[in-house]
Amino acid sequence: MTDASTAPDIHERRKADHIRINLEEDVAFKALTNGLEQYFFMHCALPELDLATVDTSVRVLGKQLRTPLLISSMTGGTARAQAINRELAAGAQAAGMAMGLGSMRAAIEDRTLEATYQVRDVAPDILLLANLGAVQLNYGYGLDQCRRAVDMIAADALILHFNALQEAVQPEGDGNFAGLLGKVEAICRALPVPVVAKEVGWGFSADDARRLAAAGVAAIDVAGAGGTSWSQVEMHRAPTARHARVAGAFIDWGIPTAVSLRYCREAAPGLPIIASGGIKDGIEAAKCVALGASLVGLAGEFLRAADRDGAAGVAELAATITDELRVAMFCAGAADIAALAHTPLHTRF
């Protein structure tokens, strides 16, 4: 563990680095895609639908949303992150979509940073997800810290994120993932809100999903490969050439989003599955729903929209993606999200 006297400064610097690198550097996978290009809908020339009545609304984790979109967890812990989070949240409120906060460890360890995550005043109705790293359960965190994260932002659920590769290539990373599942199970049993298990860009396997479901998680965010590569983010902040080389070697590591989504849907049939990882537009969002997703998460595009155009830009981007989703549903003959979930996809191979 980092010395307590220096931990907040380290967390703030890391958060600031992550925002800057994601906005300024190429941190995409080099060759690996999210896998969704391998699927297509059978075009329906006679949908027997009125486009104006195609319904994109969905109910997830007890909240009614106008669109199955999620602003995936990104940031917090700095003044710039506070401004971005408030723009993201206001945009999410306007669009009727869900939002996850970035890792809240910084505010758990330094209460002066709590405001950088607090957005309920601008987003009273959204599905809002708190967020802590699961590995912190091996570094002194427990039910108290999880409750604090939830209470701090009046969250509807808690994300526990699993970022083994990112921790492994961070010079200051926490690499002890041993015996973690039992601690996750204890949190799931005791926390009064649902727990969402989330990867951060390399996907969950079928075995991961089975074990997490058995441990009691309420939903799984596959966060598969094909979008932002956090090993590349860490490469750009590496302190030495050796660290940079090790991080850079993993540019195409991971389970593509479409593959992880199928694995998780089959392994945990009773749970809501969130699809994220390189989602580009509403057509890919439609494919994710057809593959079994209840929500579809995007991060980088919303970050850039918030940074460039504020809440209005976030809401406009959400409306655009939702329009794409609605047209895809119309042309696939699906009147609502439930129908889309039962619409067959075809493969190009």
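Read-outs throughout are calculated quantities, based only on the coordinates presented, and are distinct from any laboratory measurement. Here the structure is a predicted model, which means the values were calculated and not measured. Every residue, glycine as well, gets a Cβ built from its backbone with ideal geometry; the counts of neighbours run over all protein chains shown.
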## Note on the structure
Across (1) touching a strand residue (DSSP E or B) at 6+ places or on another chain (Cβ under 8 Å); (2) at negative phi; (3) not in a helix (DSSP H, G or I), residue 270 clears everything bar (1)
### Query
Of all residues in segment 50-83, which are out of contact with any helix residue (DSSP H, G or I) (no Cβ under 6 Å at 6 or more places or on another chain) and on the phi > 0 side of the Ramachandran plot?
61, 62
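Give the residue that is farthest from residue 130 (Cα to Cα), with candidates limited to residues of segment 40-67 that are surrounded by fewer than 14 Cβ atoms within 10 Å (Cβ to Cβ) and in contact (Cβ under 8 Å) with a residue 40 or more places away in the chain. Show your work before the answer.
Residues of segment 40-67 that are surrounded by fewer than 14 Cβ atoms within 10 Å (Cβ to Cβ), as a first pass: 42-43, 45-46, 48, 50-53, 57, 59, 62, 64.
Now drop any that are not in contact (Cβ under 8 Å) with a residue 40 or more places away in the chain, which leaves 42-43, 48, 51, 53, 57, 62.
Numbers: 42: 38, 43: 39, 48: 41, 51: 35, 53: 34, 57: 23, 62: 15 Å.
Out of the qualifying residues, it is 48.
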### Task
Could you figure out which of (1) surrounded by fewer than 14 Cβ atoms within 10 Å (Cβ to Cβ); (2) within 30 Å of residue 237 (Cα to Cα) isn't true of residue 34?
(1)
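May I ask you to verify whether residue 152 is touching a residue at least 24 places away in the same chain (Cβ under 8 Å), under 22 Å from residue 201 (Cβ atoms) and not small (Gly, Ala, Ser)?
Considered against the rule, which asks whether it is touching a residue at least 24 places away in the same chain (Cβ under 8 Å), under 22 Å from residue 201 (Cβ atoms) and not small (Gly, Ala, Ser), residue 152 comes out as no.
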### Message
Let me spell it out: the conditions are (1) of a type outside the set (A, V, I, L, M, F, W, C); (2) touching a residue at least 12 places away in the same chain (Cβ under 8 Å); (3) surrounded by fewer than 19 Cβ atoms within 10 Å (Cβ to Cβ), and residue 73 meets all of them except one. Which number is the exception?
### Response
(3)
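Quick check on residue 96: is it in contact with a strand residue (DSSP E or B) (Cβ under 6 Å, 6 or more places away or on another chain) and free of Cβ contacts under 8 Å to residues at least 40 places away in the same chain?
Working: in contact with a strand residue (DSSP E or B) (Cβ under 6 Å, 6 or more places away or on another chain): yes; free of Cβ contacts under 8 Å to residues at least 40 places away in the same chain: yes.
Answer is yes for this residue.
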### Message
Restricting to segment 90-116, and then to whatever is over 20 Å from the mean Cα position of the chain (by Cα) and assigned to a helix (DSSP H, G or I), can you tell me which residue is surrounded by the fewest Cβ atoms within 10 Å (Cβ to Cβ)?
### Response
112
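Please determine whether any residue of segment 161-181 is closer than 23 Å to residue 63 by Cβ, buried (at least 19 other Cβ atoms within 10 Å of the Cβ) and touching a strand residue (DSSP E or B) at 6+ places or on another chain (Cβ under 7 Å). I'd like the intermediate steps shown before the answer.
Looking only at segment 161-181, we keep the residues that are closer than 23 Å to residue 63 by Cβ, and these are 161.
Now drop any that are not buried (at least 19 other Cβ atoms within 10 Å of the Cβ), which leaves 161.
Remaining after also requiring touching a strand residue (DSSP E or B) at 6+ places or on another chain (Cβ under 7 Å): 161.
Among the residues of segment 161-181, at least one is closer than 23 Å to residue 63 by Cβ, buried (at least 19 other Cβ atoms within 10 Å of the Cβ) and touching a strand residue (DSSP E or B) at 6+ places or on another chain (Cβ under 7 Å), which makes the answer yes.
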#### Entry: Residue satisfying condition, being in contact (Cβ under 8 Å) with a residue 12 or more places away in the chain and more than 18 Å from the chain's Cα centre (by Cα), within set 167, 199, 172
172
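Which residues, counting only those in segment 27-58, are within 30 Å of residue 17 (Cβ to Cβ) and not in a loop (DSSP other than H, G, I, E, B)?
Pass one, segment 27-58, residues within 30 Å of residue 17 (Cβ to Cβ): 27-36.
If the condition is that a residue be within 30 Å of residue 17 (Cβ to Cβ) and not in a loop (DSSP other than H, G, I, E, B), then 28, 36 are the ones that fit.
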### Task
For segment 228-255, enumerate the residues that are of a type in the set (Ser, Thr, Tyr) and surrounded by fewer than 22 Cβ atoms within 10 Å (Cβ to Cβ).
240
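Taking helices (runs of 4 or more DSSP H) that fall entirely within segment 132-209, which contain at least 1 residues that are under 21 Å from residue 228 (Cβ atoms) and not small (Gly, Ala, Ser)? Break it down stepwise before answering.
Details: elements: 143-153, 164-169, 180-190.
Result: 164-169.
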### Summary
Exactly one of 258, 267, 290, 225 is crowded, with 20+ Cβ neighbours inside 10 Å, of a type in the set (A, V, I, L, M), closer than 19 Å to residue 59 by Cβ and touching a residue at least 60 places away in the same chain (Cβ under 8 Å), and that residue is 290
### Query
Any residue at all in segment 309-320 that is within 21 Å of residue 224 (Cβ to Cβ) and surrounded by fewer than 18 Cβ atoms within 10 Å (Cβ to Cβ)?
no
